[in-house]
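Trainee: Structure provided below as structure tokens; questions to follow.
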Amino acid sequence: MNRALDEAMSRRVPALYWVRARLFSTWTSSLATLAVLYFSLKIIPPLIDWAFVRAVWSPQNASLCRESIGQGACWAFVADKYRFILFGTFPADQHWRPALVIAVLIALYALSTLRGVRGSRLVTLWLTGMAAIGVLMWGGLFGLIYVENERWGGLTLTLLLATFGIACAFPLSILLALGRRSDMPLVRWLCISYIELIRGVPLISVLFMASVMLPLFLPAGVSIDKLLRAQLAMILFAAAYLAEVVRGGLQAIPRQQEEAAQALGLTYWQRTRYVILPQALRISIPPLVNTFIGFFKDTSLVVIIGLFDFLTTIKVSLTEPAWTGFGVEAYLFAAIGYFLFCCPMSRYSQALERQNAPGRGVPMLREN
Amino acid sequence: MAVTVGIAAWYFISNAVENLLTRRIASGFGFLTREAGFEIGETTILAYDAADTYLKSLAVGLLNTLRVAALAIVFSTLLGVLMGFSRLSLNWLLAKIAAGYVEVMRNVPLVVQLFFWYAVITESLPAPAEALSPVPGVFLSNRGFAFPILAAGTPIKLDYPVLSGFNFSGGALLSPEFAALLLGLTLYTAAFIAEIVRAGILSVDRGQFEAAYSLGLNQPQVMRLVILPQALRVIVPPISSQYLNCTKNSSLAVAIGYPDLVSIANTTINQTGQAIEGIAIIMIVYLTISLAISGFMNWYNRRFALRGIKP
């Protein structure tokens, strides 16, 4: 509605009319505009003063931070700890490796949005990318020194947890979604109870399960390290949510498609592979991106089981005597970090949705 | 298929039994009647001290979960509806502010927001002696929020918080943990509700607006009599799943030290080593809450659904 009005206005009438129509159309609207302006004037200048003008930027003068508490922000904290926040405890002389991994991951995301990269090309791209990431992170090949995964951390770990989590959960979720629609009662029943159970409980309980309960279920002598356990929990969790997205796509395919494929004599797996899934997955892309955003944000929960991801490294840096008491700045920085990744993805899924269903402008809903 | 599932289940269970035996961990829910031995910072209806049983400590945790979730659901619905309407407002400033709010809240993880609000309350607010008082009788300090409540008795009067020693007494005091959790949960959930409300209203065909206006109804009437009854059918199902999310998200309390169910179950697991039982309790409780909320929302939805059309 607003956009149509805007367009009509901008074509025909000068700015003053726009101001009247969009800021002072009725007395309630005028009141709202004035209230917003009043509060902006009261809040924004002191905020700019705190965040920029009086802020302390250089890590050399941490003592200056203490003196200006309440007057200026202490960005020196970020300047001092940024390597730890980006790369965790990865050996300092090898920091180019996780830095390259972050670049590769961002490039992979960006390439995946291209129209030409679909289907088998997309799969090849990701498999190559993930192999390269594995080599860069672990090393041990091509003269790179070996780095055990206890030393991975920071933003790199957050990106890896989210990316590998979704990549592994996706095939599993397709099986779950197909299983949920299966004619075999046992399969259907198992898939439904799995999906509903996982979706009914908080992620923390699944993470706790992986960190304290999983070791009990393994034979004596076998142990899985903490990172892998958390990653496993994230995969199992994401699979249940993705399965519902894929099911949404499957349900949108008309029955006739299935029947036509059957009439051609294709087997169940052939029908699924060549007829149903390609269509269903294409419809599911925007909600899949949304699920990925939710999942990306959810990786921050590993702070509770003590994995050194982006958020945990920030939290841990705050416990250093020099930087205690600067939580506001630190978490503001964390928020900006997550926002920089989530916002473009959110814009991308909105753009896709608009392409698929132009016109009404009813927004697609995000679950989390 | 059935055989494979059976074998896998048997394998894991036999491993678990063996591990529990070698680690000398008891099994079963007998521990619930034993003495818990830890204090809980925040109790509401149930009185509790360290000499009480694990069962009672978990009940206190559950009540804390329900308290924060219920309040967050109420406040986030109010704020979410306000923001949803603001986004559709003809007023450009309101629409932009609401859009910015939704975008920021949805794209920052809730845990980060909780840490942020907790830091704001405990680091940026002054000590109780210099507490901020935006409204007379309400005090914001680094020890939490104090505000007047209705005191029991006749005649009914307000009980005001007063500064005594290092903190406030009288009135109601929200701990920093509770205040941060409620604030974070409310602001976060409200952003999702705002989008649901906006989508619901936009889903009503434009012809409905035009027809209603041409009947001579004014704007509030159009909304109340024509648009909202239709929009609610679209709004209620996703909003009920947001209420579920809100309840599940309240489990992030453990990150800032508010004693909710998950936090207390976690302490219980650490003390007794009975991880399987502890996690089973968490899961059963959340599943029950999920079923209860979705049952209630289904009943509510049936009242709004079109007769003769299956949702």
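The values are calculated or read from the model by the stated rules, or taken from the named source; none is laboratory data. Please read these numbers as outputs of a predicted model, since none were measured by experiment. Cβ: placed from backbone, ideal geometry, glycine included. Neighbour counts: every protein chain shown.
Trainee: Please work out which residue is modelled with the highest pLDDT, limiting yourself to the range A:347-368 and to residues that are among the basic types (K, R) and either assigned to a helix (DSSP H, G or I) or at positive phi (or both).
Mentor: Ranking the candidates gives A:R347 first.
Trainee: Take the conditions over 30 Å from A:A55 (Cβ atoms), surrounded by 21 or more Cβ atoms within 10 Å (Cβ to Cβ) and touching a residue at least 60 places away in the same chain (Cβ under 8 Å) and apply them to A:L307. Does it pass?
Mentor: yes
Trainee: I'm trying to understand the selection: among the residues of the range A:148-175, which are among the β-branched types (V, I, T) and without any contact (Cβ under 8 Å) to a residue 40 or more places away in the chain? Walk me through it before giving the result.
Mentor: Initially, the range A:148-175 is screened for residues among the β-branched types (V, I, T), giving A:156, A:158, A:163, A:166, A:174.
Within the range A:148-175, no residue meets the criteria.
Trainee: Among the candidates B:T122, B:T186, single out the residue that is away from chain A (no Cβ under 14 Å) and either basic (K, R) or within 20 Å of B:A255 (Cβ to Cβ) (or both). Give the derivation first.
Mentor: Details: B:T122 fails: away from chain A (no Cβ under 14 Å).
Exactly one residue qualifies, and that residue is B:T186.
Trainee: Same structure again: Is it the case that some residue within the range B:113-133 is within 22 Å of B:I196 (Cα to Cα), under 24 Å from the mean Cα position of the chain (by Cα), buried (at least 21 other Cβ atoms within 10 Å of the Cβ) and not β-branched (V, I, T)?
Mentor: Of all residues in the range B:113-133, those within 22 Å of B:I196 (Cα to Cα) come to B:113.
Then keep just the ones that are under 24 Å from the mean Cα position of the chain (by Cα); that gives B:113.
Filter once more, so that each one left must be buried (at least 21 other Cβ atoms within 10 Å of the Cβ): B:113.
From what is left, the residues that are not β-branched (V, I, T) are B:113.
Yes: the range B:113-133 contains one or more residues that are within 22 Å of B:I196 (Cα to Cα), under 24 Å from the mean Cα position of the chain (by Cα), buried (at least 21 other Cβ atoms within 10 Å of the Cβ) and not β-branched (V, I, T).
Condition check ((1) in a loop (DSSP other than H, G, I, E, B); (2) charged (D, E, K, R)) across all residues:
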residue: B:L90; (1), (2): yes, no
residue: B:K96; (1), (2): no, yes
residue: B:A99; (1), (2): no, no
residue: B:V104; (1), (2): no, no
residue: B:V108; (1), (2): yes, no
residue: B:L114; (1), (2): no, no
residue: B:E123; (1), (2): no, yes
residue: B:G137; (1), (2): yes, no
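Trainee: Taking the residues in the range A:215-231 that are more than 8 Å from every other protein chain (Cβ to nearest Cβ) and surrounded by fewer than 18 Cβ atoms within 10 Å (Cβ to Cβ) as candidates, determine which candidate is nearest to the chain's Cα centre (by Cα).
Mentor: Of everything passing the filter in the range A:215-231, A:L228 is nearest to the chain's Cα centre (by Cα).
Trainee: Take the residues in the range A:245-274 that are hydrophobic (A, V, I, L, M, F, W, C) and under 30 Å from the mean Cα position of the chain (by Cα); name whichever of them is surrounded by the fewest Cβ atoms within 10 Å (Cβ to Cβ).
Mentor: Filtering the range A:245-274 for residues hydrophobic (A, V, I, L, M, F, W, C) gives A:245-246, A:250, A:252-253, A:260-261, A:263-264, A:266, A:269.
Within this subset, residues satisfying the condition of being under 30 Å from the mean Cα position of the chain (by Cα) are A:245-246, A:250, A:252-253.
Numbers: A:V245: 25, A:V246: 27, A:L250: 22, A:A252: 11, A:I253: 16.
Taking the candidates together, the pick is A:A252.
Trainee: Then there is this: Sort out which residues of the range A:112-161 are more than 26 Å from A:T313 (Cα to Cα), touching a helix residue (DSSP H, G or I) at 6+ places or on another chain (Cβ under 8 Å) and of a type outside the set (G, A, S), and write them in order of number.
Mentor: Across the range A:112-161, the qualifying residues are A:T113, A:V117, A:L122, A:L125, A:W126, A:L141, A:F142.
Trainee: Quick check, is B:F85 over 20 Å from B:Q242 (Cα atoms) and in contact (Cβ under 8 Å) with a residue 40 or more places away in the chain?
Mentor: no
Trainee: If I filter the range B:230-239 for residues that are within 21 Å of B:I73 (Cβ to Cβ), at the interface with another protein chain (Cβ under 9 Å from one of its Cβ atoms) and at pLDDT 90 or above, do I get at least one hit?
Mentor: No, the range B:230-239 contains no residue that is within 21 Å of B:I73 (Cβ to Cβ), at the interface with another protein chain (Cβ under 9 Å from one of its Cβ atoms) and at pLDDT 90 or above.
Trainee: Let me ask something additional. Under the condition of being outside any helix (DSSP H, G or I) and at pLDDT below 90, which residue from the range B:202-215 is surrounded by the most Cβ atoms within 10 Å (Cβ to Cβ)?
Mentor: Going through the qualifying residues, I end up with B:V204.
Trainee: Among the residues of the range B:16-63, which ones are among the small types (G, A, S) and part of a loop (DSSP other than H, G, I, E, B)?
Mentor: Of everything in the range B:16-63, those that are among the small types (G, A, S) and part of a loop (DSSP other than H, G, I, E, B) turn out to be B:A26, B:S27, B:G28, B:A36, B:G37, B:G41, B:A47, B:A50, B:A51.
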